[in-house]
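Beneath this line is the structure, given in structure tokens, with notes to follow.
The values are calculated or read from the model by the stated rules, or taken from the named source; none is laboratory data. No experiment lies behind these values; they were computed from the predicted model shown. Glycine gets a Cβ as well: all are built from the backbone with ideal geometry, and neighbour counts include every protein chain shown.
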């Protein structure tokens, strides 16, 4: 009976905490608009900006994914084929963007393209659109092409690690004799043939997977759109901006209608992309024989000049926005002349909270408390939901297990802003007092991370050899003792990964927080950065102060990953 | 020690693995059972250990019905085909799993057994670094430290090469005999069975789903403690077990 | 089947709980249906928790020291909840009208106040109000809201750009539809921006006074003249306006020589720019809007004495005189003005004839104006 309670309580908690707010929000929007989600989807273009947002969302996500591949594939190729001396450091540098909070990425790119920034000084002007960007703007007739380019490049920067992580191992572990054998054949004589008939079939699944994920992330990207392309609307950005007016009876019905329709459409696109990537992953698991990386690399040898330049460029590309951001926090314009000075005034202002309600230490404390809370909720809840699903599978109750499994994945089809609006509309009406509860931000964060925790833990649980449990029983341990002494330690690597991800995600979470908690003395660090940056910037310290806060957020996140990497004593997949 | 298995049936859904098995064992002997892979030997051991629940039948250990008792209360030891060691502990940590609480550990005894099995000096080694033979020795050490009433050996040496298999088979017999722990050893290897077992039985003689054979097997699968009273159908190319 | 899974006959409970959770939705969605506008306002008081909860917008920045001073004086802790802008403050009040989450709202202006009153969101504050600048009492002078700062919204131009392009300073709105201004004006959308809303309201009055064309015709002409429309003030002022601090900022485009901001924005530019600015506010009759921002006691909120004391604190000479720095707005107390320092006041003209549109009219017609504006400009 005890174990039944153990299995039922988390499932009920999960359903009521993670799913209920979303369902209630949908219910409320349906009530206010009088139309169902699918009808609303067809009415998106009735909102003055709906059609444009819809179009731009798809176009930018597609272009971002293409650009990511264009930049990422050569890097993955060079990295995978040759022997590199500092491969660990290169890999870490290339992974950095992917774990960077989105608001930090946005600040990084703003710093990179600023007037005294690196790009501007080498003649690439994404700001006022002179030079070749300006020429591009006027020749294509696309307004603000500099902004769009900045957004696409930032998305590519953000998702570069995905391509490298998906494609590189495939190249690095493919036995060189396959390629040698193919070269001998008539079909393999030309480079083009080798590309189309050998490498493409070999690499298409990881490439398509990377494409799908990049599309997905760019589709729902918010902080980067908000800051790099402020003139453009995506569905996510538009929902965030107008979402506050949704769900109020007899008030801005067009907004409620739009939010309902856009959420439905986003959910459908996300589900489609997720199931596509799931299917690709399954095909990918039918592996051909692999060799160790080292062997393959040694056979091909050291890189030539072009790969060296390429990898150097990639590493600089990965680090430049972050470095620019850190520099921008100490580079302050002078009031009267067009000159700059180096100073830590902005850091002082950030730590004293001169320009905002919360100071950096306060916001950091809030962020850490929420991250810890999110970790506890999502890891404990996620663990037990995964446990329940696995227990059902062991009892061969596959139907029920599958139902729970699907339900546990549903929140993955929801973007940050959608969760934010969900909490706003779902919780507010039932339990308004929650909006005075300091812990509230943990809810949207846990809603977003719990499905990931389940996705990490469930396969690991399935993989655990049942002999371990059997041995525990034979040794006389009861179920509780086996749980704590055997199961938990066996899952430790995955638990550490899940914890680090939950914490890092919560630390950097922007969309949901932006909608839910731009209030009170409980600003998180990403929200503080956004608030500082949103201030009228008459005063010269405003931007550098925002950059300083973003730099603190960046270092906190990286520190967390380093600690997690240390903790992860053995086994387990990488991040 | 006595063990009586009566009218044992085990089936998984429509698939009957053991049907009407009868089996009795007295005194501190080691019984080896030979049978081909997949015949149900492992299932029998799992039923005796409590890792699975028989569909029908009784299991009596030392005069007490245990078939309803949870596995963890049966006080039996077991070695699986593959050595089951917990990857998150080193050798000593795995051995100390014999004690539910660390403070209960009798370190003198632990060290003695480690010494006896040639594991001294490897206490702090990570388990990934052990060879197959060493790993199974660690499992054996751990099992012995729980002072089992009965040891179940489920082809523990099948993954090892011939020489090593022979060597460890002798070790197993020796440590069990030294402590007077009775054991059931199942294997498909007659040589291994001959080394470890006091008695060697053939699986096909223990169990038959054919009703006509039932009476026959029932009356003839009594395994008596004394080698001299070995039943006629127990294979006895046995018994040169002087380590 | 192993024993560990034996006692799980109750796994059916999971199934039951699934069904229960779904069933739970039904009654809850039922209670969502009860939000409706009250016909007559019933003034109510929430619970007193000896903590003053203030609902305001992001950019309202009273420093911690000042809030602490209030806490020391009055004994009330202050908790500040913030929304993106005044419109969001109103929306939060509407959303939580059944169970208000704050006691005092700061920042509703004269374009929103009437809607708040119509929905019974505000209640009399009973604070002792000092003598205020009479102009701030023109839009509203009753008990449910008290002005704490004010300012004028008008057009700002980049004088340097006008010089360079041989353009004279505009004296009418009609001029802006000339070819010379094609693509050179930037307006925040009235749908999503308070200054945008205020300026659009002013244009209604401007063209009614002129009696020539309808305001929406002018907006349509502006759209045809490639006026830049953006969601908020920060986009138009910071990214597109060439005469402001935006030139220093990331993502600046600077293609607009004219935009909507406060008449005293050039003053703020000068103050932070070492008494120098190229930006200038236009004093065109009826083309500026007098914005008064209010402190309002939230109907259903608690801690009435704290609300009263905070309003008095906000209007005290020490605090109110700092509004030009805390909130970049004029103080409301009679006799207080913008500071002279570094050209703050010098560069901040006070419009002689701002637009005259009543709060009631704004509340009644705003939705129609916005819809017409969206039609005219094709923008959100």
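Restricting attention to the range B:49-72, the residues that are in contact with a strand residue (DSSP E or B) (Cβ under 6 Å, 6 or more places away or on another chain) and surrounded by 20 or more Cβ atoms within 10 Å (Cβ to Cβ) total 5. Every condition in (1) buried (at least 18 other Cβ atoms within 10 Å of the Cβ); (2) without any contact (Cβ under 8 Å) to a residue 40 or more places away in the chain; (3) more than 14 Å from chain B (Cβ to nearest Cβ) is met by residue A:447 except one, and the failing one is (2).
Restricted to the range B:35-66, and to residues that are part of a loop (DSSP other than H, G, I, E, B) and closer than 23 Å to residue B:144 by Cα, which residue is farthest from the chain's Cα centre (by Cα)? Step through it out loud before you land on a result.
Within the range B:35-66, the first condition is being part of a loop (DSSP other than H, G, I, E, B), and the residues that meet it are B:35-40, B:50-55, B:62-63, B:66.
Next, only the ones that are closer than 23 Å to residue B:144 by Cα stay: B:50-52, B:62-63, B:66.
Details: B:50: 13, B:51: 13, B:52: 15, B:62: 17, B:63: 20, B:66: 17 Å.
Only one residue fits best here, namely B:63.
Scanning the range A:348-365 for residues that are part of a helix (DSSP H, G or I) and surrounded by 22 or more Cβ atoms within 10 Å (Cβ to Cβ) returns A:349, A:350, A:360, A:363.
Considering only helices (runs of 4 or more DSSP H) fully contained in the range A:108-172, which possess at least 1 residues that are modelled with pLDDT of 75 or more and surrounded by 17 or more Cβ atoms within 10 Å (Cβ to Cβ)? Give the steps one after another, and end with the answer.
Working: elements: A:118-121, A:131-140, A:145-172.
Once the helices (runs of 4 or more DSSP H) in the range A:108-172 are filtered for at least 1 residues that are modelled with pLDDT of 75 or more and surrounded by 17 or more Cβ atoms within 10 Å (Cβ to Cβ), what remains is A:118-121, A:145-172.
Can you give me the number of residues within the range B:152-196 that are touching a residue at least 40 places away in the same chain (Cβ under 8 Å) and over 22 Å from residue B:132 (Cα atoms)? Explain how you work it out, then say what you get.
Keep residues of the range B:152-196 that are touching a residue at least 40 places away in the same chain (Cβ under 8 Å), which gives B:152-156, B:158-159, B:170-171, B:173-177, B:180-190, B:192-196.
Retained after the next criterion (residues that are over 22 Å from residue B:132 (Cα atoms)): B:177, B:180-182.
Of the residues in that region, 4 qualify.
Tell me, please, whether a residue that is within 12 Å of residue B:186 (Cα to Cα) and within 14 Å of chain A (Cβ to nearest Cβ) can be found in the range B:45-58. The answer is yes, given that some residue of the range B:45-58 is within 12 Å of residue B:186 (Cα to Cα) and within 14 Å of chain A (Cβ to nearest Cβ). Return yes when residue C:226 is over 30 Å from residue C:116 (Cα atoms), crowded, with 24+ Cβ neighbours inside 10 Å and modelled with pLDDT under 95 and no when it is not. Considered against the rule, which asks whether it is over 30 Å from residue C:116 (Cα atoms), crowded, with 24+ Cβ neighbours inside 10 Å and modelled with pLDDT under 95, residue C:226 comes out as no. When the range A:73-89 is filtered for residues that are farther than 16 Å from residue A:166 by Cα, in contact with a helix residue (DSSP H, G or I) (Cβ under 7 Å, 6 or more places away or on another chain) and part of a helix (DSSP H, G or I), nothing remains. Set side by side, the residues C:136, C:177, C:159, C:172 differ, and just one is over 20 Å from residue C:88 (Cα atoms), at pLDDT 90 or above and in contact with a helix residue (DSSP H, G or I) (Cβ under 7 Å, 6 or more places away or on another chain), which is C:177.
In the range A:369-397, what residues are part of a helix (DSSP H, G or I) and within 13 Å of chain C (Cβ to nearest Cβ)? Across the range A:369-397, the qualifying residues are A:384, A:385, A:387, A:388, A:389, A:390, A:391, A:392, A:393, A:394.
Only a single item in (1) out of contact with any helix residue (DSSP H, G or I) (no Cβ under 6 Å at 6 or more places or on another chain); (2) surrounded by 20 or more Cβ atoms within 10 Å (Cβ to Cβ); (3) closer than 21 Å to residue C:310 by Cβ; (4) modelled with pLDDT of 90 or more is not met by residue C:145, and it is number (1). Of all residues in the range B:145-185, those being within 12 Å of chain A (Cβ to nearest Cβ) and either more than 26 Å from residue B:108 (Cα to Cα) or in a helix (DSSP H, G or I) (or both) number 2. Is at least one residue of the range C:362-371 modelled with pLDDT under 90 and either touching a strand residue (DSSP E or B) at 6+ places or on another chain (Cβ under 8 Å) or buried (at least 17 other Cβ atoms within 10 Å of the Cβ) (or both)? Yes; the residues of the range C:362-371 include at least one that is modelled with pLDDT under 90 and either touching a strand residue (DSSP E or B) at 6+ places or on another chain (Cβ under 8 Å) or buried (at least 17 other Cβ atoms within 10 Å of the Cβ) (or both).
I'd like to know if the range B:16-27 contains one or more residues that are part of a loop (DSSP other than H, G, I, E, B), more than 14 Å from chain A (Cβ to nearest Cβ) and surrounded by fewer than 16 Cβ atoms within 10 Å (Cβ to Cβ).
The initial filter retains those residues of the range B:16-27 that are part of a loop (DSSP other than H, G, I, E, B), namely B:27.
Checking the rest, the ones that are also more than 14 Å from chain A (Cβ to nearest Cβ) come to B:27.
Next, from what is left, pick out any that are surrounded by fewer than 16 Cβ atoms within 10 Å (Cβ to Cβ): B:27.
Within the range B:16-27, one or more residues are part of a loop (DSSP other than H, G, I, E, B), more than 14 Å from chain A (Cβ to nearest Cβ) and surrounded by fewer than 16 Cβ atoms within 10 Å (Cβ to Cβ).
Quick check on residue A:481: is it in a helix (DSSP H, G or I) and either within 30 Å of residue B:149 (Cα to Cα) or at the interface with chain B (Cβ under 9 Å from one of its Cβ atoms) (or both)?
Here the answer is yes, as residue A:481 does meet what is asked.
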